[in-house]
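The values are calculated or read from the model by the stated rules, or taken from the named source; none is laboratory data. Here the structure is a predicted model, which means the values were calculated and not measured. Reconstructed Cβ throughout: ideal geometry from the backbone, glycine too, with neighbour counts over all protein chains shown.
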Amino acid sequence: MTTTALQEQPADPIAPAEPLLPVADGVERSLDPRWVRVERIGGWIVTLPILCALLGALVLVLTLAPLPGWIKGMVALGWAALSLGLAWLAHRWPEVAHRHASYKVDPRGIEIRRGVFWRKVINVPRSRVQHTDVAQGPIERAFGLATLVLYTAGTEHARVDLRGIDHGMALRLRDHLVAGEGDDAV
C-alpha cells in the first residue's frame, strides 16, 4: 500500500458540494431542463387515450359505415394526420415551450416570462405577495421538481404559478419572497 492511498480521505458527505448562490441576483433563468420530460410524460398521458378513442372510431367507420372506398381512404388519412399532429404536440411542444419560459428574481420581486405565440410577462413585487405554496405532483416529485405558487393582493393575477423549477430552488424562492422588507433573505 502506498502512502498516497493512506493519505486520501473520503469527502465529507455532510458538506455541500458548492455554496448556494443568492436567489435574488437579477439573473434571468430558464426552467429546469427536467421539466421537458415531465411535460412530455403528462402530454402522453393525455394523448394516448385520445389516440385510442380515435383509432376505435376509425375502425368503426371503416367497418360499419357504407361509404365508398375513396372516402374511407380519406378518413384514414385524416386519422393518420391528426394522430401524427397530436403525437408531435405531446413530444415536441414541451421543448418549444421550455425555450420560451424563464424567470428572474431580484430584491424587489419576481418576473415570470412564458408563451410561444402569445407571450406573457408577469411581475410580482414582494410587497404584493400574501403567501406562497410549493407544490409537487407525483411526476414532479419523481424528477425532483416543484411548482412555486404565489398568492398576491391583486385580482387579475391573484394566483401565479411558476412550474418546472428544482424543488430546493422553489423552497429558496418561497423563503425570499415571503421575507419582510427588512429581512436578509438569501
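Quick notes on this one:
- For Val59, the requirement of being assigned to a helix (DSSP H, G or I), under 30 Å from His176 (Cβ atoms) and free of Cβ contacts under 8 Å to residues at least 24 places away in the same chain is not met.
- None of Ala142, Ala80, Ala90 is among the small types (Gly, Ala, Ser) and either surrounded by 17 or more Cβ atoms within 10 Å (Cβ to Cβ) or in contact (Cβ under 8 Å) with a residue 12 or more places away in the chain (or both) except Ala90.
- Long-range neighbours under 9 Å by Cβ, at least six apart or interchain, first residue farther than 20 Å from Gln130 by Cβ and modelled with pLDDT under 85 within the stretch 159-186, second assigned to a helix (DSSP H, G or I) and not small (Gly, Ala, Ser): Val186/Arg172; Val186/Asp175; Val186/His176
- Set side by side, the residues Leu60, Leu51, Leu6 differ, and just one is outside the structural domain of Gly164 (by TED's automatic domain parsing) and at pLDDT 90 or above, which is Leu51.
- The test for being within 30 Å of Val121 (Cβ to Cβ), in contact with a strand residue (DSSP E or B) (Cβ under 7 Å, 6 or more places away or on another chain) and modelled with pLDDT of 90 or more holds for Trp35.
- The lone exception for Ile14 - which of (1) at pLDDT 90 or above; (2) loosely packed, with under 13 Cβ neighbours inside 10 Å it fails: (1)
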